[in-house]
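First up is the structure itself, then whatever we jot down about it.
The values are calculated or read from the model by the stated rules, or taken from the named source; none is laboratory data. Every value quoted in this text rests on a predicted model; they were computed, and no experiment measured them. Positions of Cβ are generated from backbone atoms using ideal geometry, with glycine treated the same way; all protein chains shown enter the neighbour counts.
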Amino acid sequence: MEAPLIDIAETTVLIVSERDIVTARQRCRALVLHLGFTPTDATLVATAVSELARNIVLYAKRGAIVFRPSEHQGRRGILVIARDEGPGICDIQRATGACSSAASPGLGLRGVKQLMDEFEIVSAAGVGTTVSVKKFSGPAVPHA
């Protein structure tokens with residue numbers, strides 16, 4: 001018998017400083033472990049969240065990261081939405097490709113895209129950027 005999706009409310013972490021990057025990473029890791037992710041997958045998701053939060057601090061100065069439990073075809077998952085009202089990304093293809101726009105050695109959006117199962121980005125100059133990513137835990141559970 002399939003276990004029901006754990007009922008956890010949406011969680012939002014405001015991002016305005018380096019300290020908030022750590023908070024977002026820790027909350028994410030705790031949540032995905034509670035959802036049944038393996039410690040390895042929890043680390044992958046937390047790493048992606050850390051990178052998204054770092055991008056907010058570096059480029060937009062302030063924003064938020066939202067964590068929302070998800071489910072798809074019997075697999076538990078996490079939806080992470082990183083939003084800011086910064087300058088936006090002029091060239092999304094370049095930002096999510098092999099090029100990094102920062103001098104810092106971070107993973108960049110390309111790394112986030114590789115770590116997660118789903119990746120979507122919407123950005124406009126002067127409006128800001130929203131990155132939505134999902135990660136699912138393990139294989140689908142067969143329905144009885």
Open item on the list: Please go through the stretch 113-144 and give me each residue that is modelled with pLDDT of 95 or more, assigned to a loop (DSSP other than H, G, I, E, B) and small (Gly, Ala, Ser), ordered by number.
Closed with: none
Open item on the list: Tell me the residue from 80, 66 that is among the aliphatic types (A, V, I, L, M), in contact with a helix residue (DSSP H, G or I) (Cβ under 7 Å, 6 or more places away or on another chain), touching a residue at least 24 places away in the same chain (Cβ under 8 Å) and within 19 Å of residue 8 (Cβ to Cβ), please.
Closed with: 80
Task: All helices (runs of 4 or more DSSP H) inside the stretch 1-112 with 2 or more residues being surrounded by 14 or more Cβ atoms within 10 Å (Cβ to Cβ) and modelled with pLDDT of 95 or more - done: 18-34, 39-55
